[in-house]
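The values are calculated or read from the model by the stated rules, or taken from the named source; none is laboratory data. Since the structure is predicted, the reported quantities are computational estimates derived from the model, not experimental observations. Cβ coordinates were reconstructed from backbone atoms using ideal geometry, including for glycine residues, and neighbour counts include every protein chain displayed.
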Amino acid sequence: MSSHGTAVGAHRLWAHRTFKAKLPLEIVLAVDQTLTFQTDIYEWVRDHRLHHKHSDTDYDPHNASRGFFYSHIGWLMCKKSPQLIQKGKEIDLSDLLQNRVVMFQRKYYWYIAPFIAFVIPAAVPWYFWNEAFVISWHVCSMLRYVYTLHATCSVNSAAHKWGTKPFDRNIRPVETMFVAHLSFGEGFHNYHHTFPWDYKAAELGNYFGNLNTAFIDLMAKIGWAYDLKWASPDMVMKRVLRTGDGSWNKSSIWGWGDKDMDEEDVKMVQDNWKTIAK
């Protein structure tokens, strides 16, 4: 639930508008995002849009150019500079201002967030399953919060440092399966920064390492999510050939190993994509 609140809700729905959601799904995702205790949706989205607009520069809230620790969690320990605050004010958030779910959560966030994020997760197993409260508190509230926080932060740090750049070799974000598994699908970061409007946040045509995409697809099947945006196979292939670092064809996802890519391989992948799209 925490992962869906951050990755599906704050990130893919509200920050990048990669799909649209019916009111029931918006409410579910707003509750899930509150569970993460990572500031309200409005503030989270503002910082993330700023991150994409000024990625890895001094105007990026978690600028990876300042080192791993800073981009991971150090930025949360520092006051924002006046220049960064000013740049944040320039970000267009008009869509969020008109969203009643987002604004309701923002208005009451500090009243409801501690209760949803810490009290309920500890109280449920203690009350219903006779779990010792000390275990409920340290596992379901504290450990869960620490895990989900660092999983999110690893996208800002590790996914900007160690990995491949099959789609754009000129940017810092990379593809890393470790972060993808840690965050249920947010580690395909080179792809995401290349195609930020793709609802999958990854090139993958399956759910391997990307359970957040599986959740969105499930919501689409029941009609709660719609207008899903994604990059076409031809668009992805052209970008790979134009700006990629050459690692794309070695992806174990397609089972190619170290095989060199030729025209036949390109056609095979395009055919695979068309089948997946159907």
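Answer with yes or no whether Ala151 is in contact with a Gly (Cβ under 7 Å, 6 or more places away or on another chain), buried (at least 16 other Cβ atoms within 10 Å of the Cβ) and among the small types (Gly, Ala, Ser).
no
Just one of Ala64, Ala21 is at pLDDT 95 or above, crowded, with 19+ Cβ neighbours inside 10 Å and among the aliphatic types (A, V, I, L, M); which is it?
Ala21
Which ranges mark the helices (runs of 4 or more DSSP H) fully within the stretch 39-137 that have 2 or more residues being in contact (Cβ under 8 Å) with a residue 40 or more places away in the chain?
Output list reads 41-53, 68-72, 94-97, 100-114.
State whether one or more residues within the stretch 167-177 are farther than 25 Å from Leu149 by Cα and buried (at least 23 other Cβ atoms within 10 Å of the Cβ).
Taking every residue of the stretch 167-177 in turn, at least one turns out to be farther than 25 Å from Leu149 by Cα and buried (at least 23 other Cβ atoms within 10 Å of the Cβ).
Just checking, which of Tyr147, Tyr191 is among the hydroxyl-bearing types (Ser, Thr, Tyr), out of contact with any helix residue (DSSP H, G or I) (no Cβ under 7 Å at 6 or more places or on another chain), touching a residue at least 12 places away in the same chain (Cβ under 8 Å) and on the phi < 0 side of the Ramachandran plot?
On inspection, the qualifying residue turns out to be Tyr191.
Report yes if Ile112 is among the β-branched types (Val, Ile, Thr) and touching a helix residue (DSSP H, G or I) at 6+ places or on another chain (Cβ under 8 Å), otherwise no.
Yes.
Taking Ile27, is it in contact (Cβ under 8 Å) with a residue 40 or more places away in the chain, hydrophobic (A, V, I, L, M, F, W, C) and either touching a Lys or Arg at 6+ places or on another chain (Cβ under 6 Å) or surrounded by fewer than 20 Cβ atoms within 10 Å (Cβ to Cβ) (or both)?
When the stated conditions are applied, Ile27 passes them.
Give me a count of the residues in the stretch 147-185 that are in contact with an Asp or Glu (Cβ under 9 Å, 6 or more places away or on another chain) and hydroxyl-bearing (Ser, Thr, Tyr).
3
So which residues in the stretch 75-99 are surrounded by 15 or more Cβ atoms within 10 Å (Cβ to Cβ) and either touching a Ser or Thr at 6+ places or on another chain (Cβ under 7 Å) or farther than 24 Å from Gly9 by Cα (or both), if there are any at all?
Leu84
Return yes when Met77 is modelled with pLDDT under 95, out of contact with any Asp or Glu (no Cβ under 9 Å at 6 or more places or on another chain) and either closer than 23 Å to His52 by Cα or aliphatic (A, V, I, L, M) (or both) and no when it is not.
yes
Report every pair of residues separated by at least 6 positions or lying on different chains whose Cβ atoms are under 7 Å apart, first residue within the stretch 213-242 and farther than 17 Å from His11 by Cα, second basic (Lys, Arg) and part of a helix (DSSP H, G or I).
Pairs that qualify, where the first residue is farther than 17 Å from His11 by Cα and the partner is basic (Lys, Arg) and part of a helix (DSSP H, G or I), are Pro233/Lys274.
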